[in-house]
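What follows is a single structure, written as structure tokens, with notes after it.
The values are calculated or read from the model by the stated rules, or taken from the named source; none is laboratory data. Just so it is clear, the structure is predicted and the values come from calculations on it, not from any experiment. Reconstructed Cβ throughout: ideal geometry from the backbone, glycine too, with neighbour counts over all protein chains shown.
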Amino acid sequence: MREYKNFIDGRFVEGPEAFADIDPATGRQVAWVHEADAGLVDRAVASARAALEGAWGRSTVAERCSLLRRVADEIDRRADDLLAAEVADTGKPEAGARALDVARAAANFRSFADIMAAEGVESFLQDLPAGQQALNYALRKPLGVVAAIVPWNLPLLLLTWKVAPAIACGNAIVVKPSEETPGSATVLAEILDAAGVPSGVYNVVHGFGAGSAGQHLTTHPDVDGVTFTGSTATGAGIMRAVAPRVRPVSFELGGKNAAVVFADADLDETIAGLTRSIFANTGQVCLCTERVYIERPIFEEVSARLVDAAQKLRLGAPADPATTTGPVISHGHQQKVLDYVELARRSGATLLTGGEPATVGDELAGGFWVEPTLWTGLGNDDRVMREEVFGPVAGLVPFDTESEAVALANDTDYGLAAAVWTTDLRRAHRVAGRMEVGIAWVNTWFTRELRSPFGGFGLSGVGREGGRHSLDFYTETTNVCVAL
Ligand code: NAD
């Protein structure tokens, strides 16, 4: 049985207790995970601080950028190990995980090497009275010891999205992976070490949230900033925990994302896109569509074609190339998703397909499978159309006018992402621009340019990541003002 240990000051360290890591495809244990207590979290934070106070604190941008590129090369070299850890923890189809999760991990390091290398110094020449001038320039400095808390849905992708910019900016980081998915963060420790990342710059503490490593880390007095990706409820708690120390925070939280389908849309492209946006990663992407608004003349046709596409998805073993869809992450999450489906039924929904735990053969009988599920008959006043389910489910709703569609899509407490499906150029820009979300896609979904801003309105988060936005979070700036 594999063991995942904490990684502190360049060494793997056992915890006082261990918990089981379960493969959601089978329900069987795949590893023991060493939980970090408050003492180990202390040691991790202290080692990060020591790294900052040592040679790492004097590293140059050029040195850090070449380090990031070596990390990316090492990720490519160890792709199979990362893939194995990620798939054992999540049950994701292997082909998709190789193409997305592992490939994006390397891309995150390469992108932030490019972004950092191209970064200039913001400066202003200021006119003063009596013809004098002053030169202002802003020096970026590392934020310091960064705590990163990540969820289980895209564990490696989201982790490297934080580690790469943190290192690019010269920080030292302590990460707390999700208790559901400890594997890839641990393999990443070996990779960073092999690439030459100095001891103390990347630390991993394993465990849970409240009363465990997550809480110990976010409330630690020597942490200079917290970057969190996870649910809105957890984020709000962490916000309260960090507030007394007034530290910078970045929060990427939940969503209840809409898709808007106009009658002029290219339906083949739209059905393929919606099938991805509803069911990718078994609906466990913060950007997944859970509300689909469809212009009334094409409502029946789009609904029927989506049902057909949902029924063609192949749930199965991660290694089987025919598998399109994996399990949900845990027994508890399976129950939560099915409870929401039950709530939809009780609220008067008509189930078009799915709605039950899926049966996927003997080998996978103990896994946490949910049928791809679509319903209709509910509106924005129904609770299940307002709360994030985070599973392979969506509600389909007809609309009559463009302004009604915009109002329905924006009628949410969240504001992460939206997708607009239309071939009308002017409408595409008009409607996308009116979406109150961090990212509005037109005729596509999940297309990510890593230099562009990423984040959410409302309950979906605080701050932006991506490109220079990440640099803004991972640095403090000193404006130097020189009278000339
Ligand atoms: P979660 O909030 O339950 O857990 C996220 C992380 O927080 C885990 O590592 C967990 O151990 C830790 N945690 C829990 N309580 C804590 C506490 N009191 N103190 C410190 N850490 C604590 O979320 P999840 O179920 O792992 O992930 C799914 C959620 O993440 C969904 O809501 C999804 O929308 C969101 N998400 C958002 C984005 C985004 O970019 N906006 C991306 C992916 C996932």
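Summary table below
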read-out: Criterion violated by A418 - all others in (1) closer than 30 Å to R345 by Cβ; (2) small (G, A, S); (3) over 26 Å from the mean Cα position of the chain (by Cα) satisfied; value: (3)
read-out: Residue count for region 443-471, restricted to those that are away from the ligand (no atom under 11 Å from the Cβ) and surrounded by 22 or more Cβ atoms within 10 Å (Cβ to Cβ); value: 2
read-out: Selection count where residues are part of a helix (DSSP H, G or I), within 14 Å of the ligand (Cβ to nearest atom) and surrounded by 23 or more Cβ atoms within 10 Å (Cβ to Cβ), scope region 278-330; value: 3
read-out: Answer from G131, G144 - the residue that is within 30 Å of A210 (Cα to Cα) and of a type in the set (G, A, S); value: G144
read-out: In region 171-184, the residues that are more than 8 Å from the ligand (Cβ to nearest atom) and under 20 Å from G254 (Cβ atoms); value: T181
read-out: Checklist (1) touching a strand residue (DSSP E or B) at 6+ places or on another chain (Cβ under 8 Å); (2) among the hydroxyl-bearing types (S, T, Y); (3) closer than 30 Å to D264 by Cα applied to S330, failing item; value: (3)
read-out: Selection count where residues are touching a helix residue (DSSP H, G or I) at 6+ places or on another chain (Cβ under 9 Å) and away from the ligand (no atom under 16 Å from the Cβ), scope region 331-345; value: 3
read-out: Residues of region 151-170 satisfying the condition of being within 22 Å of P198 (Cβ to Cβ) and within 9 Å of the ligand (Cβ to nearest atom); value: W161
read-out: Region 217-243, subset part of a helix (DSSP H, G or I) and within 25 Å of E14 (Cα to Cα), residue nearest to the ligand (Cβ to nearest atom); value: T218
read-out: Sole residue being surrounded by fewer than 24 Cβ atoms within 10 Å (Cβ to Cβ), at pLDDT below 95, more than 16 Å from the ligand (Cβ to nearest atom) and not β-branched (V, I, T), chosen from A118, A107, A130; value: A130
read-out: Members of region 416-425 that are within 15 Å of A265 (Cβ to Cβ) and surrounded by 23 or more Cβ atoms within 10 Å (Cβ to Cβ); value: A418, A419, V420, W421, T422
read-out: Unique residue being surrounded by 17 or more Cβ atoms within 10 Å (Cβ to Cβ), in contact with a Phe, Trp or Tyr (Cβ under 7 Å, 6 or more places away or on another chain) and of a type in the set (A, V, I, L, M, F, W, C) when the list is A394, A428, A405, A440; value: A405
read-out: Verdict on P297 being in contact (Cβ under 8 Å) with a residue 12 or more places away in the chain and over 30 Å from D362 (Cβ atoms); value: yes
read-out: Selected residue (only one of A79, A51 is in the same structural domain as L156 (by TED's automatic domain parsing), farther than 22 Å from A118 by Cβ, surrounded by 15 or more Cβ atoms within 10 Å (Cβ to Cβ) and over 26 Å from the mean Cα position of the chain (by Cα)); value: A51
read-out: Count - residues of region 133-150 that are part of a loop (DSSP other than H, G, I, E, B) and within 16 Å of the ligand (Cβ to nearest atom); value: 1
read-out: In region 193-216, the residues that are in contact (Cβ under 8 Å) with a residue 60 or more places away in the chain, within 16 Å of the ligand (Cβ to nearest atom) and in a helix (DSSP H, G or I); value: A213, G214, H216
read-out: Region 9-63: number of residues that are more than 30 Å from D362 (Cα to Cα) and either in contact with a His (Cβ under 8 Å, 6 or more places away or on another chain) or among the charged types (D, E, K, R) (or both); value: 19
read-out: Residues (surrounded by 21 or more Cβ atoms within 10 Å (Cβ to Cβ) and more than 17 Å from K5 (Cβ to Cβ)) located in region 193-215; value: V197, V201, G214
